[in-house]
Amino acid sequence: MDVIQNIDEYLNRFPEEARLNMQMMRTEIKRIVPDVEETISWGMPSFRKNGILVQFACHKKHIGFYPGPSAIETFKEDLSSFSTSKGAIQFPFDKAIPLDLITRIVLFRVAENNDKILKKKKEKK
């Protein structure tokens, strides 16, 4: 398999339904974090600002959304209708993508990464 160079190449490898759902997620992430850096990391679309914020990947029956363990714990009540693991959420293709929840998770991750940067700066002083 070829090495994926960017998110557009990644999205183009999947059927339309999956591609549209992932593109909605991508658009929402870029809307709320306009200066987010898009990369491919570990073979998945990844969004960086002061470190990785979130990632997603297409699977056979769902889109995996990877905000990390702290976000899963913080939003566990909101995520009760989805399958989750330590750092991942499964958004099945037969349910609408919860863009409002994704927005809140991404904003949480931005704040979390900003806090890490501030702590590092304080430690250097």
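Some points to look at:
- Residue list for the stretch 33-64, filter: over 18 Å from residue 111 (Cβ atoms) and either in contact (Cβ under 8 Å) with a residue 40 or more places away in the chain or part of a loop (DSSP other than H, G, I, E, B) (or both): 42, 43, 58, 59, 60, 61, 63
- The criterion of being touching a helix residue (DSSP H, G or I) at 6+ places or on another chain (Cβ under 8 Å) and either within 22 Å of residue 7 (Cα to Cα) or in a loop (DSSP other than H, G, I, E, B) (or both) holds for residue 109.
- Qualifying residue in the stretch 72-88 (condition: at pLDDT 95 or above, outside any loop (DSSP other than H, G, I, E, B) and under 11 Å from the mean Cα position of the chain (by Cα)): no
- Looking only at residues in the stretch 6-27 that are out of contact with any helix residue (DSSP H, G or I) (no Cβ under 8 Å at 6 or more places or on another chain) and assigned to a loop (DSSP other than H, G, I, E, B), the one that is surrounded by the fewest Cβ atoms within 10 Å (Cβ to Cβ) is 15.
- Number of the condition not met by residue 30 [criteria: (1) part of a loop (DSSP other than H, G, I, E, B); (2) within 12 Å of the chain's Cα centre (by Cα); (3) not aromatic (Phe, Trp, Tyr)]: (1)
- Filtering the stretch 41-50 to residues that are of a type outside the set (D, E, K, R) and either buried (at least 19 other Cβ atoms within 10 Å of the Cβ) or within 19 Å of residue 5 (Cα to Cα) (or both) leaves 41, 42, 43, 44, 45, 46, 47.
The values are calculated or read from the model by the stated rules, or taken from the named source; none is laboratory data. Only a predicted model underlies this, so the values are computations on that prediction, with no experimental measurement involved. Neighbour counts run over all protein chains shown; Cβ positions are idealised from the backbone, glycine included.
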